[in-house]
1. When you go through Q80, Q33 one by one, which is the residue that is at pLDDT 95 or above and surrounded by fewer than 18 Cβ atoms within 10 Å (Cβ to Cβ)?
2. Could you please find all residues in segment 39-69 being under 15 Å from D7 (Cα atoms) and β-branched (V, I, T)?
3. If you scan segment 70-85, which residues turn out to be touching a residue at least 40 places away in the same chain (Cβ under 8 Å) and either under 12 Å from the mean Cα position of the chain (by Cα) or within 19 Å of D5 (Cβ to Cβ) (or both)?
4. Modelled with pLDDT of 70 or more, surrounded by 14 or more Cβ atoms within 10 Å (Cβ to Cβ), of a type outside the set (F, W, Y) and on the phi < 0 side of the Ramachandran plot: does that describe Q28?
5. For segment 55-69, enumerate the residues that are surrounded by fewer than 18 Cβ atoms within 10 Å (Cβ to Cβ) and touching a residue at least 24 places away in the same chain (Cβ under 8 Å).
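The values are calculated or read from the model by the stated rules, or taken from the named source; none is laboratory data. None of the values given here were measured: they were computed from a predicted structure. For neighbour counting, all protein chains shown are included, and Cβ atoms are generated from backbone atoms with ideal geometry for every residue, glycine included.
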Amino acid sequence: MRDIDSDTVDALNFILDQHTGERDGSHQGNLTQAQTEVVLYLSHGLTPKMLAEVLGKSQHTIESQIRRARQAVNAKNSAQLVAIALRRGLID
């Protein structure tokens, strides 16, 4: 497994902190906070495997969050999920 260096993790956490600081912790649009976090990381090019490592969750959990987020916005795949989230202002 490819390890993510600490500078990358710090940068991703900074992006997440900036984004989540704008929210009240409730559902963002059609997505939960956890789903929004995963979509934000996907938009920066992380894979589910990398996300699991960064977030300290199992890859199965990350893939479930992605699947549920796709269902919530009727996206056919992860690329469309990110596009919809950007268009709706769920992530920036």
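1. Numbers: Q33 fails: at pLDDT 95 or above.
Answer to the check: Q80.
2. Listed by number, the list holds a single entry, V54.
3. Initial filter on segment 70-85 (touching a residue at least 40 places away in the same chain (Cβ under 8 Å)): 72-73, 81-82, 85.
Residues satisfying the conditions are L81, V82, A85.
4. On the way: modelled with pLDDT of 70 or more: no; surrounded by 14 or more Cβ atoms within 10 Å (Cβ to Cβ): yes; of a type outside the set (F, W, Y): yes; on the phi < 0 side of the Ramachandran plot: yes.
It is false that Q28 is modelled with pLDDT of 70 or more, surrounded by 14 or more Cβ atoms within 10 Å (Cβ to Cβ), of a type outside the set (F, W, Y) and on the phi < 0 side of the Ramachandran plot.
5. Quick first cut of segment 55-69, residues surrounded by fewer than 18 Cβ atoms within 10 Å (Cβ to Cβ) only: 56-61, 63-64, 67-68.
Across segment 55-69, the qualifying residue is only R68.
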